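Chemist: This structure is in structure tokens; I'll ask about it shortly.
We did not get these values from a lab; they are worked out from the coordinates using the rules stated. Since the structure is predicted, the reported quantities are computational estimates derived from the model, not experimental observations. Cβ: placed from backbone, ideal geometry, glycine included. Neighbour counts: every protein chain shown.
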Amino acid sequence: MTEARTIVVIGGTSGIGRAIAVRFAREGENIVVAGRDAARGGESVAECLQSGAAAARFIATDVADPASVEALARETQSAFGIPDVVVNCAGILQSGKRVLDQDLDEDERLWRINYRGTLLGCQIFGRLMAGRGTGAILNVGSLASFAPLSLPAYTPGKHAVLALTGILAAELGPQGVRVNAVAPGYTLSDGLKARIAAGERNPDAILATTALRRFVAPDDVAEAALFLCSARAASITGVTLPVDAGWLVQAPYAHYLCGNPIKSLSQEQQAEP
């Protein structure tokens, strides 16, 4: 029997992070769920154990506090040893606004959690993995890692996560540590469901922006995470993989098509002199 790996999911108490933790649990791994909400953390741990985890525990962690992330590493190492996989999924969202209206306190908070929180996870666990000579780090980016979305604090932070992933892949590769990221699209999480129910999001309009005309499920992102952190991806590092139902291709294609419609063959023949 293969020995269980140890997987740390920072931000694993809900949404995509929880789906990732549960997906690894189904592989019989040791799961550490890290986050701020102990109640939701307990629910995630219970689901991981029900799904087949060899062991699972919750460790209270605030990624805005470096000492808290250091404590997470110490507790994980004490319980399971140096982890094999670390997923940096902790983050907060932002409502749309213009750059000139961006409040600086909100900007600082998003950067501290979304970017610096990811950086801390990479630094602290990356040092441990590099010393051992093996490991995989997975960061969670966004469509905002690639596109200039109207989220003037969230978008630059997620673009920075893409850059950080590439830098670390180059720096840690010689020590046997792979670093990749996933970039989820419109994911049908509890938060998005609530906004749709409240009339704050138009589901039909969202679906029309995707090539596959579907929402991304948290489990879709979890499957990509599992692959990128597995031996099947042994030669893959420095990649930020969109899991977006084709949003990144549909958006520019559709807008270009509006100004440059494709003519049918019969229309082209009629246009000939």
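Chemist: Of the residues that sit in segment 87-121 and are in a loop (DSSP other than H, G, I, E, B) and either among the aliphatic types (A, V, I, L, M) or buried (at least 24 other Cβ atoms within 10 Å of the Cβ) (or both), which one is nearest to the chain's Cα centre (by Cα)?
Modeler: First, pick out the residues of segment 87-121 that are in a loop (DSSP other than H, G, I, E, B): 89-98, 102-103.
When the remaining residues are screened for being either among the aliphatic types (A, V, I, L, M) or buried (at least 24 other Cβ atoms within 10 Å of the Cβ) (or both), the result is 89-93.
Details: CYS89: 5, ALA90: 8, GLY91: 9, ILE92: 12, LEU93: 13 Å.
Among those residues, the one meeting the criterion is CYS89.
Chemist: Please verify whether ALA170 is farther than 23 Å from ILE31 by Cβ and assigned to a strand (DSSP E or B), treating the condition exactly as stated. Don't jump to the end; show me each part of the working.
Modeler: Working: farther than 23 Å from ILE31 by Cβ: yes; assigned to a strand (DSSP E or B): no.
When the stated conditions are applied, ALA170 does not pass them.
Chemist: Condition test on ALA254, is it in contact (Cβ under 8 Å) with a residue 40 or more places away in the chain and exposed (fewer than 15 other Cβ atoms within 10 Å of the Cβ)?
Modeler: yes
Chemist: Among the residues of segment 212-223, count how many are among the small types (Gly, Ala, Ser) and over 17 Å from GLU29 (Cα atoms).
Modeler: Total meeting the criteria: 1.
Chemist: Given the conditions (1) in contact with a Lys or Arg (Cβ under 6 Å, 6 or more places away or on another chain); (2) within 24 Å of CYS89 (Cβ to Cβ), report the number of the one that LEU207 does not fulfil.
Modeler: Single failed check for LEU207: (2).
Chemist: Being out of contact with any Phe, Trp or Tyr (no Cβ under 7 Å at 6 or more places or on another chain), charged (D, E, K, R) and surrounded by 20 or more Cβ atoms within 10 Å (Cβ to Cβ): is that true of LYS158 here?
Modeler: yes
Chemist: How many residues does segment 1-35 hold that are touching a strand residue (DSSP E or B) at 6+ places or on another chain (Cβ under 8 Å) and either surrounded by fewer than 16 Cβ atoms within 10 Å (Cβ to Cβ) or acidic (Asp, Glu) (or both)?
Modeler: Matching residues across segment 1-35 total 1.
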